[in-house]
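What follows is a short report on a single structure.
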């Protein structure tokens with residue numbers, strides 16, 4: 001098994017994917033020769049659990065035991081979920097948990113998670129939860145993440161060269177992003193329905209115009225200030241102030257408080273019930289979103305000024321590559337978990353309609369591709385847990401030779 005451990009991470013990925021394809025291709029054409037994956041899967045997981053447990057007991061050191069214990073725990077959880085915690089096999093006679101209030105039975109973890117989601121939805125609807133508003137906040141959060149990644153990516157070229165010059169360039173770039181966030185928030189504000197009752201200009205109220213003016217002015221000031229720093233006005237340098245530790249700590253703390261307040265607002269606002277209050281919140285959401293974006297940008301700018309994003313991406317990924325090179329068991333474990341989650345997300349919930357996509361004339365599986373693929377992927381994950389246990393080190397081995405051999 002030592003030779004298996006010494007293979008490169010990409011080779012282990014190829015082996016795991018090859019096993020997955022091979023098992024699917026082996027079981028699918030021969031339904032009467034080989035057992036059905038749903039019936040055979042508990043046996044596969046039982047063997048994987050036993051072999052993983054024995055392999056863990058043979059790793060030799062307490063340090064290695066702690067390193068590979070998560071693999072056993074994940075294998076055990078998958079095994080128990082596959083057998084419905086004893087409710088779906090003939091080995092034991094365990095009855096599923098029944099909740100009489102809702103007339104439902106809980107057999108396994110994903111059944112419990114699905115039920116929990118349904119019950120949560122019922123309780124939220126009883127409290128007049130505003131689902132569309134919360135989804136809007138979710139899209140805003142995703143936009144903020146992409147906005148931050150764009151700034152970090154655009155600012156990386158300024159990590160080298162004369163420090164004062166690069167700091168000024170990076171701050172000016174941040175000011176440009178600051179303005180972009182303001183323009184986006186203003187467009188969001190003006191895209192909302194007009195104010196017919198108290199409109200004073202272009203169908204908008206004085207409050208709406210004042211918020212737009214506040215956003216636009218606040219977004220423009222940093223860029224204008226940076227442009228006038230070297231003019232006859234001799235304005236104080238923002239870039240130099242931002243590099244002072246005391247000032248940067250205060251600004252970072254303030255930005256974090258703004259983001260924390262916005263997160264609290266995101267979970268509080270959907271519970272607001274009266275329609276007039278919801279209408280008010282709808283108007284101030286662009287302003288609060290703008291403040292969150294600027295706070296997020298300020299945090300990233302302060303981190304960039306300290307050189308947090310200067311190392312190349314490859315250098316940041318090197319520890320990950322070394323980990324998987326030394327511990328290939330986690331490659332098979334992660335792919336196994338991916339297959340289990342994919343089976344639940346794509347096929348159990350019918351996210352990918354394979355039954356509609358795959359129609360082969362005369363083939364026995366027509367109309368059952370989704371269920372078959374779900375059960376086959378879950379069974380394949382058991383095989384991958386088994387292979388993962390075969391890469392555990394033994395008493396006479398250490399991790400160092402395995403890492404040096406590559």
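Scanning segment 9-39 for residues that are farther than 17 Å from residue 337 by Cβ and crowded, with 16+ Cβ neighbours inside 10 Å, which turns out nearest to the chain's Cα centre (by Cα)?
The initial filter retains those residues of segment 9-39 that are farther than 17 Å from residue 337 by Cβ, namely 10-11, 14, 18, 21-22, 24-39.
The next check asks that each one be crowded, with 16+ Cβ neighbours inside 10 Å; those that pass are 24, 27-28, 37-38.
Working: 24: 28, 27: 33, 28: 32, 37: 30, 38: 30 Å.
Looking at residues that are farther than 17 Å from residue 337 by Cβ and crowded, with 16+ Cβ neighbours inside 10 Å, I get 24.
Can you tell me which residue among 33, 59, 51 is on the phi < 0 side of the Ramachandran plot, in a helix (DSSP H, G or I) and in the same structural domain as residue 393 (by TED's automatic domain parsing)? Please lay out each step first, then the result.
Working: 33 fails: in a helix (DSSP H, G or I); 59 fails: in a helix (DSSP H, G or I).
None of the other options fit; the residue is 51.
For a quick check of your reading: which helices (runs of 4 or more DSSP H) sit entirely within segment 179-290 and have at least 2 residues that are surrounded by 12 or more Cβ atoms within 10 Å (Cβ to Cβ), at pLDDT below 90 and touching a strand residue (DSSP E or B) at 6+ places or on another chain (Cβ under 9 Å)? Break it down stepwise before answering.
On the way: elements: 206-228, 238-242, 245-268.
It comes to 206-228.
Using the structure shown, decide if residue 336 is under 25 Å from residue 42 (Cβ atoms), in contact (Cβ under 8 Å) with a residue 60 or more places away in the chain and more than 22 Å from the chain's Cα centre (by Cα). Can you show your working first?
On the way: under 25 Å from residue 42 (Cβ atoms): yes; in contact (Cβ under 8 Å) with a residue 60 or more places away in the chain: yes; more than 22 Å from the chain's Cα centre (by Cα): no.
Spelling it out, it is not the case that residue 336 is under 25 Å from residue 42 (Cβ atoms), in contact (Cβ under 8 Å) with a residue 60 or more places away in the chain and more than 22 Å from the chain's Cα centre (by Cα).
Exactly one of (1) touching a strand residue (DSSP E or B) at 6+ places or on another chain (Cβ under 8 Å); (2) modelled with pLDDT of 85 or more is unmet by residue 39. Its number?
(1)
Being within 30 Å of residue 155 (Cβ to Cβ), assigned by TED's automatic domain parsing to the domain that holds residue 69 and modelled with pLDDT under 85 narrows it down to one residue among 359, 320; which is it?
Working: 359 fails: within 30 Å of residue 155 (Cβ to Cβ).
Of 359, 320, the one residue that is within 30 Å of residue 155 (Cβ to Cβ), assigned by TED's automatic domain parsing to the domain that holds residue 69 and modelled with pLDDT under 85 is 320.
Select from segment 50-66 the residues that are within 26 Å of residue 373 (Cβ to Cβ) and free of Cβ contacts under 8 Å to residues at least 60 places away in the same chain and list them in ascending order.
Within segment 50-66, no residue meets the criteria.
Could you list all residues from segment 349-366 that are surrounded by 15 or more Cβ atoms within 10 Å (Cβ to Cβ) and over 22 Å from residue 25 (Cβ atoms)?
Matches in segment 349-366: none.
The values are calculated or read from the model by the stated rules, or taken from the named source; none is laboratory data. Predicted model, so just to flag it, every value in this text is computed and none were measured. Reconstructed Cβ throughout: ideal geometry from the backbone, glycine too, with neighbour counts over all protein chains shown.
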